[in-house]
1. Note down the net charge around S281, summing +1 for each Lys or Arg and -1 for each Asp or Glu among other residues with Cβ under 9 Å from its Cβ.
2. As an exercise, use a Förster radius of 51 Å and the Cβ-Cβ distance of A218 and T162 to find the FRET efficiency, rounded to the nearest 0.05.
3. Filter K9/K311; K202/K311; K67/K291 down to the pairs with a C-alpha to C-alpha distance above 20 Å, please.
4. Round to the nearest 0.05 the FRET efficiency obtained for E81 and V17 when R0 = 45 Å and r is the Cβ-Cβ distance.
5. What is the set of long-range amide H partners of L79 at a cut-off below 5 Å, with H atoms built 1.01 Å from backbone N?
6. How many percent of the accessible area of the chain is carbon or sulfur, using a 1.4 Å probe?
7. For the chain, what is the mean residue ellipticity at 222 nm derived from helices alone (per DSSP H run of n ≥ 4: -39500 (n - 2.57); sum divided by total residues; nearest 500 deg cm²/dmol)?
8. For the chain, what are the DSSP H helices with axial Cα length of 20 Å or more and mean Kyte-Doolittle hydropathy of at least 1.6?
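The values are calculated or read from the model by the stated rules, or taken from the named source; none is laboratory data. Because the structure is predicted, anything quoted here is derived from the model rather than measured. All Cβ positions, glycine included, derive from the backbone under ideal geometry; neighbour counts span all protein chains shown. Heavy atoms of the whole protein, side chains included, go into the accessibility calculation; ligands, DNA and RNA do not. Shrake-Rupley method; radii C 1.70, N 1.55, O 1.52, S 1.80 Å.
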Amino acid sequence: MKPIIVFRKLHLYVALVIGLFVLVLAVTGAALVFENEIDRFLNSRLFNVTPQSQRISLQSAIETVNKTYPQTSATGIRLPESDDLSFEVSLKNGRAACVNPYNGEVLGDRDREQSLARLIHLLHTRLLLGPSGETLMGIISGLTFLMALTGLALWWPRKLLTIKPGSSRKRLNFDLHNVLGIYSLVFLCVISITGVMIAFGKTTDAWVKRLNASSDQAAPQSVTDQSPAQKTTLTLDDAIHIAGQTLPGSRTTLITVPPPGKAVFLAFQKFPEDRTPAGRSRVHIDQYSGKVLLVENTRTAETGTRILNLKRSLHTGDVWGWPTRICALLTCLMLVAQTITGILIWWKPGKFRLA
């Protein structure tokens, strides 16, 4: 059997098996390019605030939330990326409260797991089926990569780069399928490979980390002193100041609120070049003494860690900001069109007519 026939059959049969799943991946993927924007738009009363000249301290925001919700407690606070957004405080009961950073008003709370943006995210990554759904979507991503490669092999003999005007409907559909495929090929390969890496992270992360010269240092879960001399903890504002001094040029995006005892502050830091929402740098701080226990710095990370730090932003298109986000969106939309045109190429009137 000629190689081109093998590629054609492989491309067809794989497409027939995963076509519906690919459609779900593509449609939800297009929406998730704007995940944060969608979430904020649908919850504008919680997120949008009017900028003022002076902000309240983070410590007072936490204290206000704890007084407002005495049945639970704050576990962390997300700092806004722009002046017109609120603080988002995570609560122990799984909900999140939003606070006006200028006057301390608690704007309300919500269950993030029940938001539309989160629902789309879980549909895209897990088909709402939990870990088994994540495994399935990882397999679909791998098969999508295989379809891209076989599609390239099928495109190569004709090398179609444009759609011929005045063609028949059948030829127009065939040309459109090929043209969309070749122009989205590179981006589709990147998205599908990183999709596999995300879905099977426990396995692939270990492989990639072999590129590092040294092994990971375990993150401290408690203070080093078994009997802290100080009985009062640092304020959140103190901890953020220490984190900023530890990693100059970075900003804190989120910080945990450690309960009294041996737990530590964990500050999530983001450098300007880091396109992931929370950043990939971390500073672990003793809540009593302010001693820095561990620093994870993306600017000094080893090769394997740098690759892993990039996988999410490559997958979502965040890696170079709006230009690549638009590319990710267009790739998802072209994948939807390819799925439809592929069905039309395969389908023939009376295909399943009973004799």
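1. +2
2. Once the sixth-power term is evaluated, E becomes 0.35.
3. Over 20 Å apart, Cα to Cα: K9/K311; K67/K291.
4. About 0.65, to the nearest 0.05.
5. Distant-sequence amide H within range of L79: L254, I255.
6. The nonpolar share, carbon plus sulfur, comes to 62 percent.
7. -17000 deg cm²/dmol
8. Passing helices, by number: 3-32.
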